[in-house]
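Trainee: Okay, here's the structure, questions in a sec.
The values are calculated or read from the model by the stated rules, or taken from the named source; none is laboratory data. What you see is a predicted model; the values in this text were computed from it and never measured. Backbone-built Cβ (ideal geometry, glycine too); neighbour counts: all protein chains shown.
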Amino acid sequence: MGHHRHLSQALLLAAIGDLVMRPQQREIGSILSPCYNRLTIIIQSASEDLENLITPDLSSMTDLDHPIAVTNHGAQRLPTYTSRGSTGPVTTAHQDITRSGRLLTVQRYWASPIRADSLIEAQLLILTFATGIQDSISYPDFRCFASNQTGNTVVLAVALAGGVGELFDPANVGASLGAFLLGALATGHLGLVFGRRRRVWQFTVGLAQTMMVLGAAWIQFGHGANESGVWPRAALALIATASGSQVAAARAFQIPEITTAMATAAWVDFIIDENLLLWRNRSRNRRALFLFVLVAGSFAGAYARAGIGSPKAIIISGVLKGLATLLILFATAVKTKPPAQNSTPLDCTSAAH
């Protein structure tokens, strides 16, 4: 194989050299001479690469025997190898390429940013329903909110000023507000690093939120739904952290009508919408659905707490958050244009220098 390669190379170079050096075509030869030098380098490099590709380096096969079969895949002939002591072929170059292609497809699936379509809207509404359940349980259990931090901010100021008796627990209010901000801070800034709308990030934070809510239910099962104390405060902090993370993650989809938690701005924007009475108004419809689902979740949580108890009601909220997280797996990825590939022409001028 090496003999034929060198012979072909010599014939090709001789033909080009004859064209360049003909006396009657010296002017053309002076133009083609740089290309001749450039082609010489390219042909030598390509020939060596081709020989290395076709002829495997048997000396480096420490754990493999010599090729025992050759598989024909179109124009390529790919060697098949077997391990010592094996009764059949282990792998082929075609199988390696297929495996690499599948791995690349999985990587693209998880790394792709998610498009904010109707499925994501449904996912955010499910999270809104879960938020309604959580707040309708947290206020009677802990005398504060887990998600509604507007109310907690005012309540904290009133509680610190004194004169409220046992109406509020300043420690619980402070724990809820601090945990909410911590969850939002971590999710927001880490999302800037890993990609706020990437599937892997949205799925990861959704799974973490689900585990935190279920962890709060586990605490209440083991230590009761008391208003104050270390364990109840830990359960409240878990729910509040999950809520802050949820709101921060939802902001990545840029659907301001569905915040999954805060209702004050939604009420105002819904009422003052200049196109409130139009038949087709997607923004108004989103706000209306958000407010309806939040109120429905609050009623559901209140009745569930009275009927089956706070721990089981929190489990329902955690299951809904888990369902919303699973929807991320079916979300549509944003279509991105492949980068333009600029072909580099043969530069004969540089070779001349």
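Trainee: Return yes when LEU291 is free of Cβ contacts under 8 Å to residues at least 60 places away in the same chain and part of a loop (DSSP other than H, G, I, E, B) and no when it is not.
Mentor: Here the answer is no, as LEU291 does not meet what is asked.
Trainee: Could I ask something else about it? Which of the residues that make up the range 280-306 are within 15 Å of ALA265 (Cα to Cα) and among the hydroxyl-bearing types (Ser, Thr, Tyr)?
Mentor: The one that is within 15 Å of ALA265 (Cα to Cα) and among the hydroxyl-bearing types (Ser, Thr, Tyr): SER283.
Trainee: Consider PHE194 against the criteria (1) surrounded by fewer than 16 Cβ atoms within 10 Å (Cβ to Cβ); (2) over 25 Å from PHE330 (Cβ atoms); (3) assigned by TED's automatic domain parsing to the domain that holds ALA304: it satisfies all of them except one. Which criterion is unmet?
Mentor: Among (1) surrounded by fewer than 16 Cβ atoms within 10 Å (Cβ to Cβ); (2) over 25 Å from PHE330 (Cβ atoms); (3) assigned by TED's automatic domain parsing to the domain that holds ALA304, the lone unmet condition for PHE194 is (2).
Trainee: Of the conditions (1) more than 26 Å from SER112 (Cα to Cα); (2) touching a residue at least 60 places away in the same chain (Cβ under 8 Å); (3) buried (at least 17 other Cβ atoms within 10 Å of the Cβ), GLN246 satisfies every one except a single condition; which number is it?
Mentor: The one condition GLN246 does not meet is (1).
Trainee: Filter the range 194-246 down to the residues that are among the aliphatic types (A, V, I, L, M), under 19 Å from the mean Cα position of the chain (by Cα) and either closer than 16 Å to ALA313 by Cβ or part of a loop (DSSP other than H, G, I, E, B) (or both) and list them by number.
Mentor: Matches in the range 194-246: ALA242 only.
A quick yes/no check of all residues on (1) surrounded by 15 or more Cβ atoms within 10 Å (Cβ to Cβ); (2) in contact with a Ser or Thr (Cβ under 8 Å, 6 or more places away or on another chain); (3) assigned to a helix (DSSP H, G or I); (4) small (Gly, Ala, Ser):
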position: THR128; (1), (2), (3), (4): yes, yes, yes, no
position: GLY132; (1), (2), (3), (4): yes, yes, yes, yes
position: SER136; (1), (2), (3), (4): yes, yes, yes, yes
position: ASN152; (1), (2), (3), (4): yes, yes, yes, no
position: ALA157; (1), (2), (3), (4): no, no, yes, yes
position: LEU160; (1), (2), (3), (4): no, no, yes, no
position: LEU167; (1), (2), (3), (4): no, no, no, no
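Trainee: Okay, moving on. Answer with yes or no whether GLN220 is touching a helix residue (DSSP H, G or I) at 6+ places or on another chain (Cβ under 9 Å), buried (at least 20 other Cβ atoms within 10 Å of the Cβ), closer than 26 Å to LEU124 by Cβ and polar (S, T, N, Q).
Mentor: Working: touching a helix residue (DSSP H, G or I) at 6+ places or on another chain (Cβ under 9 Å): yes; buried (at least 20 other Cβ atoms within 10 Å of the Cβ): yes; closer than 26 Å to LEU124 by Cβ: no; polar (S, T, N, Q): yes.
So GLN220 fails the test.
Trainee: Here is a follow-up. Confirm whether ILE258 is under 19 Å from ILE137 (Cα atoms), surrounded by 16 or more Cβ atoms within 10 Å (Cβ to Cβ) and either of a type in the set (Phe, Trp, Tyr) or at pLDDT 95 or above (or both).
Mentor: No: the conditions fail for ILE258.
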